[in-house]
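**Student:** Just dropping this structure here.
What follows is calculated from the coordinates using simple rules that are stated; it is not laboratory data. Keep in mind that this is a model prediction, so the values were computed, not measured. Don't worry about glycine lacking a Cβ; one is built from the backbone with ideal geometry, like all the others, and counts go over all protein chains shown.
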Amino acid sequence: MNKRDDQVNNEGTATEERSLPHRRVHLHSEHQQQGEQKPADMPISISIQGLNAYYGKFRAVKNITLDIKAKQVTSVIGPSGCGKSTMLRCLNRMHEETQNGRTDGKVLLDDEDIYDKRVDPVAVRRKIGMVFQKPNPFPTMSVFDNVVAGFKLNRFWVNKSELADRVELALKQASLWDEVKDKLNQSGMALSGGQQQRLCIARTLAVEPEVVLMDEPCSALDPVATLKIEDLIRQLTSKYTIVIVTHNMQQAARVSDWTTFLLMGDDRAGELIEYGETKQLFTNPKDERTEAYITGRFG
Amino acid sequence: MAGRNTIATSPLPAQKTKLSDHPASANWGDRIFYNLVRLSALFVIILSSLLVIELFHGSWEAINKFGIGFIWGTTWDPVKEEFGTLPTIIGTLVKSLLALIIAVPISIGAAVYIAIFAPKWLRGPLSYLVESLAAIPSVIFGLWGLFVLVPIVRVIQIWLKGHFGWFPLFSGPAVYGVGVLAAGIILAIMITPIITAISRDIIRSVPKSQMEGMLALGATRWEAIRKAILPYCRVGLAGAVILGLGRALGETMAVTMVGGNAFALITSLFDPVHSMASQIASEFSEATYSLYISSLIYVGLVLFGITIIINILAQILIWKISNGKVGIIE
């Protein structure tokens, strides 16, 4: 598993360099459309206020305060074990599904605290979807059923044609429709790894969330599949707020508008070191630890 | 970082060896081991063949006299030397089925709780209790059944007959306590631990990402278990149920004690029931002439056949469920 990951990453970097000119032009134009300087007072989707996350007595994430901008891609980077994934899992209350996992602090979605006692985590997860590190389609379901697995939840009756429309829409949003429209009845496991991951993105989009969290979505994929997912993330940003955890700094630089850098403190808890516009953070970091990390001096 | 350029080297002088210094023929241990395990496998095959041969040999006299009609014969009369065993076949199948109906939901429910919901400190003790339940000798279950369960069942029977007596299943005699219902319940208690223990391991082997994937779509825990976890491991769960069924079919002692052992076709849940295994056990010492003994062994042969047929059907079922689906058991 680890070996394979390393391999993929190495290959990933190699291919990235080869296809860099094309990618840069593409990204450049996207950024120009959105303007060179991003205003600091953009609408906020999720506001994290003093978030701590624990595994039993161990604190894995320490006192994070951060505003995630709406309809933007925010990446979370940092060395292994710095609490990136834990922090992400706190944003849709998945952390509490882990044995002994608990949190304190506030996470506001549209000014509502998702950790409020009256809030049902199920309702939170319908508004804040999640894509995991390893593609995890449901093996006993067809491609079609995989896409609407979430949509069909909590519904007693669904219109067949509405269901079909929703599947088509979600698969088109996930840039998968053309590849799978003839195999909707096959098992989701029959697809390639990259297609499986886009299937998982499609089933998340079919629930119509506001925010999509992605936990290293490309780390189990080959370079070509990785590029497809990155393109997809850029497309989705017109409609969704995206938070992506990645251990690949080039990926963060390519896909995100905003970047968050986390680092493990002396007590082994992850702390927020720097947060800013991606371009600024990568070219002109304010904190010397950020600079050390992005120039490859550790991590 | 300082040690990056130093490579650990052995302080001993390097000795060059040839591949032929270690010829394959010198590997005695491997060959002995190979022959030992092959012998063990052979032993199992020989043993089961001998078992079948002996069953046929022992029941030959009865097979010659009654032929295949023994299976649907409904008379068991040692005085007139006439034997047929349909009532015990029906009895065996019905009480096993009843046991499954009671035990499967409880077992899978308990397995889900232990595997997914139970806090860590409770998981160990619970598993231990379940497993020690499986180790209790059958005769203890029988005694407990006779002294504790049967009186309770009798009260339930009287109540059911009083209120729902018009329903055919509840129309039997509600006076004994012993019978199909008591046998089914005691069997259910006996097979619950084995189904629970195996299901628990199977459910725990489902990757966490399946449950999380469903939860992240906004499923409740119940929905995540029903739509992601149980479908993922349904083949394994079917296997666990079949193991439980196997034990229920062959169970002898407890069923003999609470079944009532009347040789008649059952028509309701309250009728006393004779099963194949309990018939063999209870009558073997009374069998005074060779055709009687031979008939009892013939019952054993039929039971053996039924067990095999059910196992084959179960295999086909499992094969049908998993057909064309990849990645159900990784």
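**Student:** Just from its helices, what would the mean residue ellipticity at 222 nm be for chain B, if runs of 4 or more DSSP H residues each count -39500 (n - 2.57) and the sum is divided by every residue, rounded to the nearest 500 deg cm²/dmol?
**Tutor:** -21000 deg cm²/dmol
**Student:** Shifting gears a bit: Among B:141, A:144, what is the fewest-to-most ranking by other Cβ atoms within 10 Å?
**Tutor:** Ascending Cβ contact count within 10 Å gives the list A:144, B:141.
**Student:** Label point 7 Å out from residue A:55 along Cα-to-Cβ: which residues of the stretch A:263-294 have amide N under 16 Å?
**Tutor:** A:264-265, A:267-271
**Student:** Determine ³J(HN,Hα), in whole Hz, for all residues of the stretch B:156-164 in sequence, where each value follows from phi through the Karplus function 6.51 cos²θ - 1.76 cosθ + 1.60 and θ = phi - 60°; x replaces Gly and Pro.
**Tutor:** My calculation for the stretch B:156-164 gives 4, 4, 5, 5, 4, 5, x, 9, 10 Hz in order.
**Student:** Near residue A:286, which aspartates and glutamates are there with a Cα under 20 Å away, not counting those fewer than 8 places off in the same chain?
**Tutor:** Straight-line reach from residue A:286, under 20 Å: A:36, A:41, A:67, A:257, A:271, A:274, A:277.
**Student:** Go through A:188-199, B:278-289, A:253-264 and give me the packing order, highest mean Cβ count within 10 Å leading.
**Tutor:** The most tightly packed comes first, giving A:253-264, A:188-199, B:278-289.
**Student:** Continuing with this model, one more query. When the helices in chain A are scored as -39500 (n - 2.57) per DSSP H run of 4 or longer and the sum is shared across all residues, what 222 nm value do you end up with, to the nearest 500 deg cm²/dmol?
**Tutor:** -11500 deg cm²/dmol
**Student:** Moving to a separate point now. Could you list B:150, A:243 so that the one with the fewest beta carbons within 10 Å of its beta carbon is first and the one with the most is last?
**Tutor:** B:150, A:243
**Student:** In 10 Å bins starting at zero, report the fraction of Cα pairs in the stretch A:113-218 per bin as a rounded %.
**Tutor:** Using 10 Å bins, I get a P(r) of 16, 47, 29, 8, 1 for the stretch A:113-218.
**Student:** Cβ under 12 Å from residue A:288's Cβ, residue A:288 left aside: what net charge do those residues give with Lys, Arg +1 and Asp, Glu -1?
**Tutor:** 0
**Student:** Using only C-alpha atoms and all pairs of different ones, pull out the Kirkwood radius for chain A in Å with one decimal.
**Tutor:** On the way: mean 1/r = 0.0504 Å⁻¹.
Every distinct Cα pair counted, the radius reaches 19.9 Å.
**Student:** Quick one: in the protein assembly as shown, what % of C-alpha pairs are over 33 Å apart?
**Tutor:** On the way: 121130 of 197506 pairs.
Value for the protein assembly as shown (Cα pairs over 33 Å): 61 percent.
**Student:** Taking the Cα-to-Cβ direction at residue B:155 and at residue B:72 and moving 7 Å from each Cα, how far apart do the two end points lie in nm?
**Tutor:** The two pseudo-label positions are separated by 4.4 nm.
**Student:** What is the average number of partner chain Cβ atoms found within 10 Å of a Cβ in A:200-208?
**Tutor:** Counting Cβ atoms of other protein chains within 10 Å of each residue's Cβ and averaging gives 2.
**Student:** Of A:152/B:208; A:106/B:227; A:62/A:117, which pairs sit farther than 26 Å apart, going by alpha carbon to alpha carbon? Intermediate results must be reported in sequence, preceding the final value.
**Tutor:** On the way: A:152/B:208 21 Å; A:106/B:227 31 Å; A:62/A:117 22 Å.
Those over the limit are A:106/B:227.
**Student:** Net charge near residue A:52, counting Lys/Arg +1 and Asp/Glu -1 over other residues with Cβ under 14 Å of its Cβ?
**Tutor:** +3
**Student:** If one takes the longest principal axis of the Cα atoms in chain B, at what angle in degrees, from 0 to 90 and to the nearest 10, does the Cα axis of helix B:180-204 lie?
**Tutor:** Taking Cα atoms only, the helix is inclined about 10 degrees.
**Student:** In peptide B:218-226, how many Cβ atoms from other protein chains are near each Cβ within 10 Å, on average?
**Tutor:** On the way: counts 18, 8, 5, 3, 0, 6, 2, 0, 0.
Partner-chain Cβ atoms within 10 Å, mean over residues of B:218-226: 5.
**Student:** Under a 5 Å amide H to amide H cut-off, with H placed in plane at 1.01 Å, what residues pair with residue B:82 once short-range neighbours are removed?
**Tutor:** Those lying under 5 Å, H to H, from residue B:82 are B:77.
**Student:** Right, next: Between residue B:287 and residue B:27, take the C-beta separation as r, use R0 = 41 Å, and let me know the FRET efficiency to the nearest 0.05.
**Tutor:** Plugging the Cβ-Cβ distance into 1/(1 + (r/R0)^6) gives 0.15.
**Student:** Work from the charge dipole of the stretch B:205-286 (Cβ charges, +1 for Lys and Arg, -1 for Asp and Glu, about the Cα centre) and give the residue of B:214, B:263, B:225 farthest towards its positive end.
**Tutor:** Farthest towards the positive end: B:214.
**Student:** Also, I was wondering about something else. Let's see if you can work this out: charge +1 on each Lys and Arg Cβ, -1 on each Asp and Glu Cβ, no other charges. What is the dipole magnitude of the protein assembly as shown about its Cα centre, in debye to the nearest 20?
**Tutor:** On the way: 62 positive and 57 negative charges, 56 e Å.
My answer is approximately 260 debye.
**Student:** Here is a follow-up. So for B:117, B:270, fewest C-beta neighbours within 10 Å to most, what's the order?
**Tutor:** B:117, B:270
**Student:** Can you check how the C-alpha radius of gyration of the stretch B:66-321 compares to 2.2 N^0.38 Å, as a plain ratio?
**Tutor:** So the Cα radius of gyration is 1.15 times the expected 2.2 N^0.38 Å.
**Student:** Would you mind giving the mean number of other chain beta-carbons within 10 Å of the Cβ of each residue in A:209-217, as a whole number? Before the final figure, lay out the partial values.
**Tutor:** Working: counts 3, 0, 0, 0, 1, 0, 2, 0, 0.
So the per-residue partner count for this stretch is 1.
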